[in-house]
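S.K.: Below you'll find the structure I mean.
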Amino acid sequence: MWQALLDRRARNMPLLAEELAGTAELRPGLTAAAAADDIWVLNSTEVYCQLVQARGWTPERYQAWLSSRLKTLLLRHPAGPGEQGSG
């Protein structure tokens, strides 16, 4: 069951990355395949558990961190006016 979940995530990340690439908002030089890998690894259960359970982060802090990191890694213009990263 765990492997099926991992496989499903691996299949869906390229779909999300292709959707982002279609908006022309991906960082210059970043391929959809590389974006899919970034999304896949940062959005993993393991990263969540390490930060929330092992390091004591709140789920809200993790959500803000993940959003900030994905925007920075993936997007041409990572933060809108008045937005700041969390970390």
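The values are calculated or read from the model by the stated rules, or taken from the named source; none is laboratory data. If you're wondering where the values come from, they're calculated on a predicted model, not measured in any experiment. Quick reminder, even Gly has a Cβ in these numbers, built from the backbone with ideal geometry, and neighbours come from all protein chains shown.
So that you can scan it fast, the table gives a plain yes or no per residue for (1) at pLDDT below 90; (2) surrounded by 15 or more Cβ atoms within 10 Å (Cβ to Cβ); (3) under 15 Å from the mean Cα position of the chain (by Cα):
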position	(1), (2), (3)
Trp2	yes, no, no
Gly29	no, no, no
Ile39	no, yes, yes
Thr58	no, no, no
Trp65	no, yes, yes
Lys71	no, yes, yes
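S.K.: Out of Ala54, Ala34, Ala10, which single residue is at pLDDT 90 or above and farther than 24 Å from His77 by Cα?
M.R.: Ala54
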